[in-house]
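Have a look at the structure below, then the notes.
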Amino acid sequence: MKKGMILVLTGASSVGKNLIRDELMKDEEMNLFYSISVTTRPKKEDEIDGKDYYFVSYETFASAVRNRELLEYTEFGGYYYGTPCQQVDFLINQGKNVLIEVEAQGVGQIKLKHPDALCVFVIPENMDELEKQIRLRYKDDETTIQQRLNKAKMEMELQPLFNNVVTNTDAAASAATIKKAFLDEWKKG
Ligand code: 5GP
């Protein structure tokens, strides 16, 4: 049986990756399964443990790192995030495609282990739009907003490392562009 392929979705925080993800996940032709990350970040009210993330303690996360259970991991905003290897391997061995959504620094670690993964970097229409989204999403004080903005600008600098860059003006249109790139690659493999 042909193995599944990995689609990595990355880009600055608040750029709208989650809406694109939702569009891609509901497309049956993509045969996509979402890789649920583990995180030490506290659960937000509208999130579900085991669906959005596996919310774990720092000790559990550290033990997963020690036991090499994570395909990649990173620290972001004071919390740890990681992709469990086991579910990714299980799914691709069953011929299913896997969607991994990570911040950009995690992508290199995934590429090392899965060179065939298609990695897409999502960028905002412009920085004003990104700032608007950050202000909408995080109702933080001005200092924290500025920190998030600076982090987003740093993340944007990783863009040249990606062959696939998609400007997110509309989630459905971005998902359609990514779908085409993914299925083209899938047919070649
Ligand atoms: P949030 O706290 O907003 O859900 O996520 C913060 C950032 O961490 C986002 O850019 C998100 O894509 C990224 N992220 C979520 N899960 C993982 C993961 O498993 N690994 C890495 N490297 N980044 C992740």
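The values are calculated or read from the model by the stated rules, or taken from the named source; none is laboratory data. Since the structure is predicted, the reported quantities are computational estimates derived from the model, not experimental observations. Methodologically, a virtual Cβ is constructed for each residue, glycine included, from the backbone with ideal geometry; neighbour enumeration extends over all protein chains shown. SASA here: full protein model, heavy atoms, side chains in, ligands and nucleic acids out. Shrake-Rupley method; radii C 1.70, N 1.55, O 1.52, S 1.80 Å.
Using every Cα-Cα pair within the chain, state what percent have a distance larger than 20 Å. Spell out each step's value before the answer.
Details: 9844 of 17766 pairs.
Percent of Cα pairs beyond 20 Å in the chain: 55.
For the stretch 1-81, report the convex hull volume of the alpha-carbon atoms normalised per residue, in Å³, without decimals.
Details: hull volume 10.4 nm³, N = 81.
Expressed per residue, the convex hull around the Cα atoms of the stretch 1-81 is 128 Å³.
State in Å² the accessible area per residue of the chain; use a 1.4 Å probe, count heavy atoms of protein chains only, and round to the nearest integer.
Result: 56 Å² of accessible area for each residue.
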### In nm, spacing of pseudo-spin labels at GLN147 and ASP184 (7 Å Cα→C-beta vector)
4.1 nm
### Message
Computing the accessible area with a 1.4 Å probe over protein heavy atoms, can you report the carbon and sulfur percentage for the stretch 6-188?
### Response
50 percent
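Got the relative contact order for the chain handy, in percent, Cα pairs under 8 Å and 6 or more residues apart?
Working: 287 pairs, mean separation 62.8, N = 189.
Computed value for the chain: 33 percent relative contact order.
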